[in-house]
Amino acid sequence: MTEVEKYLFDINGYIVVRDVLSEEEVAKANEAIDHHADQIRERDLSLSRDSTTLKGVTGRGDLGGLLAWERPWRDPFRAMIAHPRIVPYLHEILGPGFRMDHNAGLITMREGAEGHTFHGSSGPGFDPHQYYLFKNGRMHNGLTVVSWQFADTNEGDGGFCLIPGSHKGNYPCPPEMKKYEQHQEFIKQITARAGDVVIFTEATTHGTLPWKAKHQRRSLLFRYSPNCLAYAKSYLPWPDGMLDDLTPEQQAILEPPYHTRLDRPILDDAGRLPGA
Ligand SMILES: O=C(O)CCC(=O)C(=O)O
């Protein structure tokens, strides 16, 4: 993570890493999703709650279990668990020994899909699992999201959005802002191309705008925590098939929470286990 990238993450609470996946890798991921498209579960209209500006005519789609799919379908997603382009960012943001906290989940949105009211953990209280702190010359984050993009999101399409800088907020976010009904000029819709990766701290107030594009939105969210911290209990135990045939590096990321001092396997910046 360059000094400029650290600066941008520190002031904004997120960063977009461009062109992590090649066109061919994006195509393979999409092919695997298409093969399981009948398992996409479309929600009721509930995520926009009583917002007048986030409502839609159809619910958000969710698809889980990708990491345990039969081969070759799971392979593109398993390669994302400890991806060499992303590991250095997670080392800086979460520290060595970071771990996968939630099972990976795909978000899909078709034209007319509703948005999601904004949420995030900064202010007014301190959330010991989802936080952003700066101390002793470096940042410290709790739960952090790595969102892989398999479709383009252009200006005006909708989808993921956030309030830049809100990870440092101290006062509660006004309810009308969480509903995207006021102060919209401070809310940023994040544009990205298929193959890009958006990384953000859950401390940042974020949500989803209704999807306006003709094509389907596809974002796969991995959530990571520091080495000895857990938010979710997904690892108790990981579902059947999740641990089969993992590389030692992927296995290291799926370790339960415990201290790095206790022989925790730690990847280097290239995403490898020394000696493996
Ligand atoms: O639309 C997005 O990517 C944000 C999703 C989100 O924040 C959530 O599911 O909690």
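Annotations
- Selection of strands (runs of 3 or more DSSP E) fully inside the range 53-123 by the criterion of at least 3 residues being within 30 Å of Met139 (Cβ to Cβ) and within 15 Å of the ligand (Cβ to nearest atom) returns 99-109, 116-119.
- Contact map, the range 27-38: first residue at negative phi and surrounded by fewer than 13 Cβ atoms within 10 Å (Cβ to Cβ), second residue acidic (Asp, Glu) and outside any helix (DSSP H, G or I), Cβ cut-off under 6 Å, separation 6 or more or different chains; the map is empty.
- Test for Ala230: is it away from the ligand (no atom under 13 Å from the Cβ), under 25 Å from Ala79 (Cβ atoms), surrounded by fewer than 19 Cβ atoms within 10 Å (Cβ to Cβ) and under 18 Å from the mean Cα position of the chain (by Cα): yes
- One residue stands out among those in the range 194-236 that are among the charged types (D, E, K, R) and touching a strand residue (DSSP E or B) at 6+ places or on another chain (Cβ under 7 Å): the one that is farthest from Ile33 (Cα to Cα), which is Glu202.
- When the range 189-206 is filtered for residues that are surrounded by fewer than 24 Cβ atoms within 10 Å (Cβ to Cβ), within 11 Å of the ligand (Cβ to nearest atom) and of a type outside the set (S, T, N, Q), the ones remaining, listed by number, are Ile190, Ala192, Val198.
- Test: Ile33 is over 15 Å from the mean Cα position of the chain (by Cα), outside any loop (DSSP other than H, G, I, E, B) and within 27 Å of Asp157 (Cα to Cα): yes
- Count of residues meeting criterion [at negative phi and surrounded by 15 or more Cβ atoms within 10 Å (Cβ to Cβ)] in the range 4-16: 9
- Residue check, Asp19 loosely packed, with under 11 Cβ neighbours inside 10 Å and at pLDDT 95 or above: no
- The C-beta contact set for the range 212-224 (first residue in a strand (DSSP E or B), second residue within 9 Å of the ligand (Cβ to nearest atom) and among the acidic types (Asp, Glu), distance under 8 angstrom, 6+ apart or interchain) comprises Arg223/Glu202.
- Residue tally, condition farther than 16 Å from Leu220 by Cβ and under 18 Å from the mean Cα position of the chain (by Cα), over the range 7-27: 9
The values are calculated or read from the model by the stated rules, or taken from the named source; none is laboratory data. All of these numbers come straight from a predicted model, not from anything done at the bench. A quick note on method: Cβ atoms are made from the backbone with ideal geometry, for glycine too, and the neighbour counts reach across all protein chains shown.
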